[in-house]
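Accompanying notes for the structure given below.
No value in this document is a laboratory result; all are computed from the given coordinates. None of the values given here were measured: they were computed from a predicted structure. Here the Cβ is made from the backbone with ideal geometry for all residues, glycine too, and neighbour counts use every protein chain on show.
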Amino acid sequence: PHHVVVAGAGMAGVQTALALREQGFTGAVTLIGAEPHRPYDRPPLSKAVLLGKAEDSAFDVDFEALDITLRLGVEATGLRAAAHELDTGQGPVAYDTLVVATGAGPVVLPGTEGAPDVHLLRTLDDAARLRPVLDRGHDVVVVGAGWIGAEFTTAARAAGCAVTVVEAAGRPLAGALPAEVAAPMAAWYAESGARLLTGARVARVEPGAVHLADGRTVPAGAVVVGIGARPATGWLTGSGIALGPDGSVTADAALRTSLPDVYAVGDCVSFPSARYGERLAVHHWDNALQGPRTVAADIVDGRAPAYDPVPYFWSEQFGRFVQYAGHHTGAGTLLWRGSPDDPAWTALWLREGVLAAVLAVGRPRDLTQGRKLIEAGAAVDPVTAADPSVPLKSA
Ligand code: FAD
C-alpha cells in the first residue's frame, strides 16, 4: 500500500495524519517525532501549562484506532528524495509520499547557548523547566516583547515574580504590528507590574545578572528568551529541497515542495499567496490546522484547491484576549473601533476600501465578523465600521 511518512509530530504533523484518515486515505501512515512525549499542543505551554493549571496539553487522538503508526523520540536527519528515503537517528525509513512538518525552533540569544538559568519556551520540556522558576518567584528577565514574551510575562507576574522585559525595538511586537496599535500595549506591561525597557539590548548574561549595552545591569535569577523562531529545516541541508532566505521550505500553492512526492506544512513552510501577492510563512496555530487539509486532499486525489488562507491567530496576555486576522502590510487606512484606552477595542486596516486585517482586543465578535469580511474581500463603510456599537458589516 501507499505509505505516507510525516516528519514532525506537532500540530501540523498530527493534523496531516488525521486529515488523511478523514479524507479516506487507506494506505499506511507513519508519524515520526523527535520529542519523546505524546504529541501535544503548544499554545497552552505559555498559558495554562505554565501556570500549573494544566499538567500537559497532549492531543486527544487515538492514533492506534486510526491506524497511525507513531514513532516518537526519533529524529529525521536527512532526506534522499531519489531513493524515496528519510534518514533518521534509527535508520532509514522508506516512503511513497513524505510530509515535512518539523515546525520551527526558537532563536537562541547569542552567547547563552547551554547557559544555566537561560530558558527558551517552545517545548513541553521547556515549560516544565520554567514552572519551578515561577514557583521560586524571584527576579526574571524576559528578552523580547513579542507574543511569547508577553504571555510569559503575564504568567510570571501572576506567579509573583519581579519581571523586567528587555526589548531592542522601541515598542512591543515591533515585528508583528505597526507602531500605532502596538504602542498602547506597552502600558499593559506597566499595568501588570512588569518593567518594560524598550530600545534596550542585552550585551551579556552572567549568573544572576543581565548586562545591557547601555551599561545598565538588571538582576536575573532566570532569563527567558523569546526573540523569534526559525523553521526547523537544517536537517534538510544537502537534500536538494528548495529553501527560502528565512529557512522555510518554499512550497507551491498545494504545499508541494521542489522535490517529487514531498510536501511541507505548518511553521516550516512558506507558500505563494495569490490573495496577498506574496510568499507567506505563517507561524501560527490555525495555519497548522488548515494547511494539513490541503496536503491530505492533494495526496488523496492530486488536485487540492490552492492553499490561500486569511491568516489568523490569538494571544492571551495581561488578562486580555488578543486576536488578529488578515494581513495588514500595504493596507493604507487604519480605523479604530473604540479607543485603545478602553479595556476592549479593535483596529481595522482597509486597502482601497476593502477590509484587509483586524486586530481585536477583547472583542471576539469583531474578529469573527471581520474575518468573514476579509475572506469575502468585502468593502466596508469607514464611518459605520468605526462605530463599535454597530456590528461590522460590508458596505
Ligand atoms: P511545531 O509545533 O514546532 O511541531 C514540530 C514538531 O516537529 C516538534 O514536535 C519537533 O520536536 C518536531 N521536529 C523538529 N525537527 C524534527 C526532526 N528533524 N525530526 C523529527 N521531528 C522533528 N499560535 C497561535 O495562533 N496562538 C497562540 O496562542 C500560540 N501560542 C503559542 C505558545 C507557544 C509557547 C508556542 C511555542 C507557540 C505558540 N503558537 C501559538 C504557535 C503554534 O503553536 C505553532 O504555530 C504550531 O505549533 C506550529 O505547528 P507545527 O506542527 O508546524 O510545528
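Could the peptides 53-61, 36-44, 5-13 be put in order, highest first, of the mean number of other beta-carbon atoms found within 10 Å of their residues?
5-13, 36-44, 53-61
Can you give the relative contact order of segment 108-225 as a percent, counting alpha carbon pairs under 8 Å and 6+ residues apart?
On the way: 213 pairs, mean separation 37.8, N = 118.
Relative contact order here is 32 percent.
Apply the Karplus parameterisation 6.51 cos²θ - 1.76 cosθ + 1.60, with θ equal to phi minus 60°, to every residue of segment 289-302 and state each ³J(HN,Hα) to the nearest whole Hz, in sequence, with x for glycine and proline.
For segment 289-302, the Karplus curve yields 8, 7, x, x, 5, 5, 4, 4, 4, 5, 5, 6, 10, x Hz.
Starting from the Cα of A187, step 7 Å toward the Cβ, then list every residue of segment 327-354 with an amide N under 17 Å from that point.
Taking a point 7 Å out along Cα→Cβ of A187, the residues of segment 327-354 whose backbone N falls under 17 Å are 336-347.
Which lysines does K372 reach when only Cα atoms under 25 Å apart count, and residues fewer than 8 places away in its own chain are ignored?
Of all the lysines, those that pass the test against K372 - Cα under 25 Å, at least 8 places apart if same chain - are K393.
Using a 7 Å offset from the Cα along the Cα-to-Cβ direction at both T329 and R129, what is the distance between the two label points in nm, to one decimal?
3.2
Assuming 0.36 nm per residue, please report the length gained on full extension of the stretch R365 to F321 beyond their Cα-Cα distance.
14.7 nm
Let me check I've understood the local charge: for A281, count other residues with C-beta under 12 angstrom from its C-beta, Lys and Arg +1, Asp and Glu -1. What total comes out? Could you put the intermediate results ahead of the total?
On the way: positive: R230, R279; negative: D246, D267, E278.
Here the count lands on -1.
Under a crude label model (7 Å from the Cα following the beta-carbon direction), how far is A274 from D261 in nanometres?
Reported label-point gap for A274 and D261 is 2.9 nm.
Please give the contour-minus-distance gain from T384 to T69: 0.36 nm per residue of separation, less the Cα-Cα distance, rounded to one decimal in nm. Don't skip to the answer; put the middle values down first.
Values: separation 315, 0.36 × 315 = 113.40 nm, distance 5.31 nm.
The T384-T69 span can extend by a further 108.1 nm.
Can you give the relative contact order of segment 319-385 as a percent, counting alpha carbon pairs under 8 Å and 6+ residues apart?
On the way: 129 pairs, mean separation 21.5, N = 67.
With pairs under 8 Å counted, the relative contact order is 32 percent.
For L243, enumerate residues with amide H under 5 Å from its amide H, sequence gap 5+ or separate chain, H modeled in the peptide plane.
It is T250, by chain and number.
Can you list residues whose amide H is under 5 Å from A162's amide H, if they're 5+ apart or on another chain and H is modeled 1.01 Å from N?
Residues meeting the amide H criterion: D139, V140.
Which of rounded, prolate or oblate describes the chain when judged by the alpha-carbon gyration tensor and an a/c cut-off of 1.5?
On the way: a/c = 1.90, a/b = 1.19, b/c = 1.60.
Note, shape of the chain comes out oblate.
How far apart, in nanometres, would the label points at H138 and V107 be if each is projected 7 angstrom from Cα along the Cα-to-Cβ direction?
Label at H138, label at V107, 2.9 nm between them.
Taking 1 over the mean of 1/r across every pair of different Cα atoms in segment 319-385, what Kirkwood radius in Å do you get? Please list the in-between numbers first.
Working: mean 1/r = 0.0858 Å⁻¹.
When all Cα pairs of segment 319-385 are included, the Kirkwood radius is 11.7 Å.
Using θ = phi - 60° and the Karplus form 6.51 cos²θ - 1.76 cosθ + 1.60, what ³J(HN,Hα) does each residue of segment 216-231 get, whole Hz, x for Gly and Pro?
6, 10, 10, x, 8, x, 8, 10, 10, 9, x, 10, x, 9, 10, x
Taking a ≥ b ≥ c as the square roots of the Cα gyration tensor eigenvalues, with a/c under 1.5 meaning rounded and otherwise prolate when a/b beats b/c, else oblate, which class fits segment 112-267? Mind dumping the intermediate values first?
Numbers: a/c = 2.19, a/b = 1.78, b/c = 1.23.
Prolate.
In whole Hz and in residue order, list the ³J(HN,Hα) couplings for segment 8-20 that follow from phi through the Karplus curve 6.51 cos²θ - 1.76 cosθ + 1.60, θ = phi - 60°; x for Gly and Pro.
x, 10, x, 3, 5, x, 4, 5, 5, 4, 5, 5, 4
List the residues, sorted by chain then number, that are 5 or more residues from V269 or on another chain and whose placed amide H is less than 5 Å from its amide H.
Amide H to amide H, under 5 Å and 5 or more residues apart or across chains, V269 pairs with V249.
Counting pairs of alpha carbon atoms under 8 Å apart in space and at least six apart in sequence, what relative contact order in percent does the chain give? Don't jump to the answer; show the numbers that get you there.
Numbers: 892 pairs, mean separation 53.8, N = 395.
Averaging sequence separation for qualifying contacts and normalising by length gives 14 percent for the chain.
Determine the distance separating the Cα centre of segment 227-305 from the Cα centre of segment 175-223; give it in Å without decimals.
Here the two parts' Cα centres lie 33 Å apart.
Before rounding to the nearest 500, sum -39500 (n - 2.57) across all DSSP H runs of length at least 4 in the chain and divide by the residue total; then give [θ] at 222 nm in deg cm²/dmol.
Values: 7 runs with 85 residues, N = 395.
Computed ellipticity for the chain at 222 nm equals -6500 deg cm²/dmol.
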